[in-house]
1. Determine whether ASP182 is away from the ligand (no atom under 15 Å from the Cβ) and touching a Lys or Arg at 6+ places or on another chain (Cβ under 6 Å).
2. Give me a count of the residues in region 286-330 that are of a type in the set (Asp, Glu) and open to solvent by less than 10 Å² (accessible area, probe 1.4 Å).
3. If you go through region 259-277 one residue at a time, do you hit one that is of a type in the set (Phe, Trp, Tyr) and surrounded by fewer than 15 Cβ atoms within 10 Å (Cβ to Cβ)?
4. Here are LEU363, LEU371: which of them is open to solvent by 30 Å² or more (accessible area, probe 1.4 Å) and farther than 28 Å from ARG81 by Cβ?
5. Do the conditions hold for VAL291, that is, is it touching a Ser or Thr at 6+ places or on another chain (Cβ under 8 Å) and either in contact (Cβ under 8 Å) with a residue 40 or more places away in the chain or more than 16 Å from the ligand (Cβ to nearest atom) (or both)?
6. When you scan region 268-284, do you find a residue that is touching a residue at least 24 places away in the same chain (Cβ under 8 Å), within 23 Å of ASP27 (Cα to Cα) and not hydroxyl-bearing (Ser, Thr, Tyr), even just one?
7. Could you say which residue among TYR317, TYR324 is modelled with pLDDT of 80 or more, of a type outside the set (A, V, I, L, M, F, W, C) and more than 16 Å from the ligand (Cβ to nearest atom)?
8. Taking region 194-226 as the region of interest, how many residues are open to solvent by less than 40 Å² (accessible area, probe 1.4 Å) and within 12 Å of the ligand (Cβ to nearest atom)?
Amino acid sequence: AGTSEKLMRFLESGIYRFESSKAVFIDPVRVLNRSYSRFKVSPSAYYSRFFDTHGSRAGVSSNTRKRKRKEKQAATSLNERELAADRRHQEVRAFLLKAHESLRGANELLSVMPSLRSGEDAPAENIETWEPQQSLIELGRLWQASMFEITLNFPSSEEQTTGYQRILPVFGNLVVNDMDDDVEAEFLNSQYIIPRESHFYISDLKHIKNLVPDGGDCGFHLIVVDPPWENGSAHQKMRYPTLPNRYFLSIPIKQLAHREGALVALWVTNREKLRTFVEKEMFPSWGVRHVATFHWLKVKADGSLIGDIDLFHHRPYESLLLGYCSRKSGDSEKLSIDRAIPDNQVILSIPGDYSRKPPVQDLVLEFIPGLKPLRCVELFAREMRAGWHSWGNEPLYFQESRYFQPP
Ligand code: SAM
């Protein structure tokens, strides 16, 4: 008793919309689970950080306070770029705070948040120090890469009463699970779970052109991009290789877009230099018209922010730039979408592993041009979704079976 219909819907879908503001709370585990039939994502493996409110990152540490003091002192001597960054921050600040206020007023949601991590499996331990059992990035660079094979174990189905195997090159090859069911795969010593009707292509950025479809009807309606931006942090360098900005200019967004046009969703950090680069160089060279920006505000399980909202170099949010791309130049104004995308929507969620982004397609679905079934692709992906194409140098990363609960 007492569970509202809205909360029930959240527990089903992983999405909770606040009426009082343009904000939404997401439980990525529930959203991702809609991609699987037999398997379930392990909540304890997903929420590897920021879950405990008592952890070292929680609250405002004395370090943070010192940093704030320092920043206050420095505030008078901000350079031009820092001033621009601050202006941008001030513009979104009110939206972020309003969204956070909505969360803090949503008692029924707050009451279930601490249990989002409880799954049916034993809690995974020390995930932060997990190394992939094998690095796809390193294997993909070997001269033998083209010889490595992955085995897909297709289960029996109504049409096919016995299970069967398919053995395919794992690198530089479009691997497809065309079945309406999860498929278990083996590559070297690891097991992977491949969602229904999904595709992956593992390659370096140099070979991304191989992803461009031949037929006119085969382009993508939604293109999500989360590039390995450089950010100068030593910590990041250990997790995955990064690339200088100019490398991303050559991503063939226009050729990847569907004949009916595409919505492009690009994750960016708060670095002002990067934002200027995207707006002035990258979007123009991709042929993307920027129309709206969403913000991902990171919270802990008790609903508090993961850090002080005004900390200059450690903002508790990142942004998602949304724009339209049309195959023909200048046509993006004419894409057939009924409603304009509302600007400054806020997505609240508890962060997962390092740099792992919440799944956003449900929030943009109604703004994607084109007719169903929509074709979606994620570039620089580390995971897969039912019905999607995932490309990057490690799109199987979070598909490893240890990120799932045992069936
Ligand atoms: N959106 C992902 C998620 O939620 O987990 C995170 C993507 S992360 C920011 C960027 C990805 O780009 C990493 O997996 C990294 O290995 C990959 N990457 C780096 N250099 C690459 C290259 N030259 N070619 C292809 N992928 C690359």
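1. Yes, satisfied.
2. Initial filter on region 286-330 (of a type in the set (Asp, Glu)): 302, 308, 310, 318.
Then keep just the ones that are open to solvent by less than 10 Å² (accessible area, probe 1.4 Å); that gives none.
Count: 0.
3. No - not one qualifying residue is present in region 259-277.
4. Details: LEU363 fails: open to solvent by 30 Å² or more (accessible area, probe 1.4 Å).
None of the others qualify; the one that does is LEU371.
5. On the way: touching a Ser or Thr at 6+ places or on another chain (Cβ under 8 Å): no; either in contact (Cβ under 8 Å) with a residue 40 or more places away in the chain or more than 16 Å from the ligand (Cβ to nearest atom) (or both): yes.
Taking the combined requirement at face value, the residue does not satisfy it.
6. Checking region 268-284: at least one residue is touching a residue at least 24 places away in the same chain (Cβ under 8 Å), within 23 Å of ASP27 (Cα to Cα) and not hydroxyl-bearing (Ser, Thr, Tyr).
7. Numbers: TYR317 fails: more than 16 Å from the ligand (Cβ to nearest atom).
Matching residue, one of TYR317, TYR324: TYR324.
8. Residues in region 194-226 being open to solvent by less than 40 Å² (accessible area, probe 1.4 Å) and within 12 Å of the ligand (Cβ to nearest atom): 9 in total.
The values are calculated or read from the model by the stated rules, or taken from the named source; none is laboratory data. For clarity, every value in this text was computed on a predicted model and none was experimentally measured. Counting neighbours? That spans all protein chains shown, and the Cβs are built from the backbone with ideal geometry, glycine included. Remember, those area values only see protein heavy atoms, side chains included, never the ligands or the DNA or RNA. Shrake-Rupley method; radii C 1.70, N 1.55, O 1.52, S 1.80 Å.
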